[in-house]
Amino acid sequence: MKNFILFFIINLVINCYAIVEIQASHLANPPIGTKVARKKILVLSTKGGGGNTCAANAVASYLEKDYDITVVNVICDVFGCCNSLKPFSYAEDCYNFLLKHRCNFLINFYNYCGLFTFKLLKTVLTNVLYTYIKSHKFDMLISMTQYINGVALDAAKKLDIPFLVITTDLNTATFAHDISDPNYKKFNYLLPFEDELLTDKIAFAKIPKDKIKFIGYPLREDFFECKDANEIKKKWGIPTNKPIAMVLMGSIGSTATFMYAYRLSKYKKPLHIIICLGKGEWLREKIKRIKFPPHITVSLVGFTNKISDLMAVSDVLITKTGSHSVCEAMQSKVPLILDSINPSLEWEDLNPVYIDKHQFGENLTDYQDIYDWLDKVLKDKKYKDNLLSQRVYNFSHELKKLISGFFD
């Protein structure tokens, strides 16, 4: 009888322990079929230019497997929905119009108007954003937008949710504009590269060093893939026996694209030119009327998501000073000739300085100099060597680590 009672007690203890273990296991790893609420992240973006949209889409693609991601145009979809703030909806269209016509002086003036307006309306805009986030029950806020981060930080603090600023420029002064209380424990400010040129531009915001993280630039995943240059050249019909210059002036750079095509048609040495038209298909027939000599061959490329492949086979990239194109080139290890002919936009003024400091390319200030710069960049290996030796960042890995740190 005693043996039976002892056996019963031991068996009961073992079964109770097993039940506790199973319950704990279910809490940590819910059974298959159990729906777990995923954290909801709001990403604030804009449609100014094309680089910001590309960067926001890249961030969404990195995070969508683990979180519910919502990307909104904060100017139109959040602020512009309020009747009193309706004029905000037209601000980006005006900006893009000026950008298309290369009115950089007016854009820089427009920038100061924006800084003043957002500071003046900070309380109103904070309440609008706070209400939007609360009503949609977002668990985290990410901003990839200029001007509004003082507003966004105040809204995040009121809601006690994590807030990240992912900058899409090297000069991020407009991203740090009007930020108050940067010591907020759930706040981080993300810069693409660790360099004093970048940190000096935001010194005025007094963001603590431990709140500034250097994680690389948000590019699409295909920019980080290994490329087979010979296969790409074969697929695109690109010759293998001459240097390759790629012209990429962005979705609003139509006039400059034609100008570079015409100038390069006068180049005296063998060259293959990849001319990216983007959505400016009307340029195709216009460029075809240019008389290219036999030693100059041309590939006219419409809108494509294979820009990373084309950069991978290029020996030099001729592009605007926009941060997205510059960072794509640096990741692709292709030397640059930057179009610095027009006055720089204030948030792009650091890009030529950064490229010059690290000797990743040259800045073009006169169309007549294109031939000399082309000769120099194609001949001198230092540009390629410097690009190959630059620090490698793993943006997606670092971003996921930061976010999981807030939720764990």
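No lab work stands behind these numbers, since they all come straight from the coordinates. All figures in this text were calculated on a predicted structure; none of them were measured in a lab. Cβ: placed from backbone, ideal geometry, glycine included. Neighbour counts: every protein chain shown.
For the cross-link pairs LYS279/LYS381; LYS269/LYS382; LYS211/LYS400; LYS288/LYS333, which exceed 25 Å when the distance is taken from alpha carbon to alpha carbon?
Result: LYS279/LYS381; LYS288/LYS333 exceed 25 Å.
What do you get for trypsin sites (Lys or Arg not before Pro) in region 242-304 restricted to DSSP loop and a cutoff of at most 10 other Cβ within 10 Å of the site's Cβ?
LYS268, ARG289, LYS291
I'd like the distance separating the alpha-carbon centroids of region 135-208 and region 212-264, in whole Å.
Centre-to-centre (Cα) distance: 31 Å.
Treating the Cα atoms of region 222-388 as identical point scatterers in vacuum, please give the log10 of the normalised Debye intensity I(q)/I(0) at q = 0.08, 0.16, 0.20 Å⁻¹, two decimals.
With no solvent term, the Cα-only Debye profile gives -0.21, -0.91, -1.53.
With the cut-off at 1.5 for a/c, could you classify region 257-296 from its C-alpha gyration tensor as rounded, prolate or oblate?
Verdict is prolate for region 257-296.
On a 31 Å Cα-Cα criterion, which of the cross-link pairs LYS65/LYS320; LYS40/LYS235; LYS47/LYS122; LYS65/LYS357; LYS213/LYS379 come out too long?
From the list (LYS65/LYS320; LYS40/LYS235; LYS47/LYS122; LYS65/LYS357; LYS213/LYS379), the Cα-Cα distance tops 31 Å for LYS65/LYS320; LYS40/LYS235; LYS65/LYS357; LYS213/LYS379.
At 25 °C and 0.890 mPa s, what whole-number value in µm²/s does Stokes-Einstein give for the translational diffusion of region 126-186, with Rh from the Kirkwood sum over Cα pairs?
Result for D is 210 µm²/s.
Summing Lys, Arg as +1 and Asp, Glu as -1, what charge do residues with Cβ under 10 Å from the Cβ of PRO293 carry, PRO293 excluded?
+3
So what are the ³J(HN,Hα) numbers for region 292-308, from phi and the Karplus equation (6.51, -1.76, 1.60; θ = phi - 60°), rounded to whole Hz, Gly and Pro as x?
So the Karplus estimates, Gly and Pro as x, are 8, x, x, 7, 10, 10, 9, 10, 9, 10, x, 4, 8, 9, 10, 4, 4 Hz.
Once phi is turned into θ = phi - 60°, what whole-Hz ³J(HN,Hα) does the Karplus curve with 6.51, -1.76 and 1.60 give for every residue of region 257-262, x standing for Gly and Pro?
Those phi angles translate into 4, 5, 4, 5, 4, 5 Hz.
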